[in-house]
Each structure stands twice: as structure tokens, then as C-alpha cells.
Amino acid sequence: MDDDFMSDDEWGVLAKAAERAKRGLRAYLSADQSAKFIRRGYMAPTTRDPTQFVITGSGKLAVENWMRSKRR
């Protein structure tokens, strides 16, 4: 199964989405990317508009850990 690991590009997209979310901006993701992040629990659809997504707490933590691992 190719869903086991995320590529650096996918981590970069998630990190960019988390940064945009901090500023209250919308994340621009493909349908495949958003579906993968939702399956992994890093994003979830909003209650008011299911076409919009929010970064979950585990998604924020995952991005922080990925960024920390890249600094070394």
C-alpha cells in the first residue's frame, strides 16, 4: 500500500496548508491530497461547509514534528 508513507512534497503541502490556516486563509489542495490527509486524520471537513477543511490537532503536531526532523 502506497499510503504508508508521505512524500516530502505531500508534507510540504500539508505544512503550507497549516501556515495558511494560521492566518485564516483557505488551503488549496487537490482532491487526492485532501482525501489522503482526511484518511490519515490530519484534516477534517468543517461543520458549516463540508467542502472546506480544517487542520486537526494531530495534523498540526505532525507538521511540527516533520519540520523539526528537517532541521537536523
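The values are calculated or read from the model by the stated rules, or taken from the named source; none is laboratory data. On a predicted model such as this, the values are computed, not experimentally measured, just so you know. Note that we place each Cβ from the backbone using ideal geometry, even for glycine, and neighbour counts take in every protein chain shown.
Please verify whether the stretch 24-31 includes one or more residues that are surrounded by fewer than 17 Cβ atoms within 10 Å (Cβ to Cβ), touching a Lys or Arg at 6+ places or on another chain (Cβ under 9 Å) and without any contact (Cβ under 8 Å) to a residue 60 or more places away in the chain.
First pass over the stretch 24-31, keeping only residues surrounded by fewer than 17 Cβ atoms within 10 Å (Cβ to Cβ): 24-26, 28, 30-31.
Remaining after also requiring touching a Lys or Arg at 6+ places or on another chain (Cβ under 9 Å): 26, 28.
Right, trim to without any contact (Cβ under 8 Å) to a residue 60 or more places away in the chain and you get 26, 28.
Within the stretch 24-31 (the criterion being surrounded by fewer than 17 Cβ atoms within 10 Å (Cβ to Cβ), touching a Lys or Arg at 6+ places or on another chain (Cβ under 9 Å) and without any contact (Cβ under 8 Å) to a residue 60 or more places away in the chain), the answer is yes, since at least one residue qualifies.
Go through (1) over 10 Å from the mean Cα position of the chain (by Cα); (2) surrounded by fewer than 13 Cβ atoms within 10 Å (Cβ to Cβ); (3) not aromatic (Phe, Trp, Tyr) and name the single condition Pro45 misses.
All conditions are met except number (2).
Could you list, in sequence order, all residues of the stretch 9-22 that are modelled with pLDDT of 90 or more and of a type outside the set (Val, Ile, Thr)?
Asp9, Glu10, Trp11, Gly12, Leu14, Ala15, Lys16, Ala17, Ala18, Glu19, Arg20, listed by residue number.
Can you say whether Leu14 is closer than 23 Å to Ser69 by Cα, surrounded by 10 or more Cβ atoms within 10 Å (Cβ to Cβ) and either in contact (Cβ under 8 Å) with a residue 24 or more places away in the chain or touching a helix residue (DSSP H, G or I) at 6+ places or on another chain (Cβ under 7 Å) (or both), as far as the supplied structure shows? Steps first, please.
Numbers: closer than 23 Å to Ser69 by Cα: yes; surrounded by 10 or more Cβ atoms within 10 Å (Cβ to Cβ): yes; either in contact (Cβ under 8 Å) with a residue 24 or more places away in the chain or touching a helix residue (DSSP H, G or I) at 6+ places or on another chain (Cβ under 7 Å) (or both): yes.
In short, yes.
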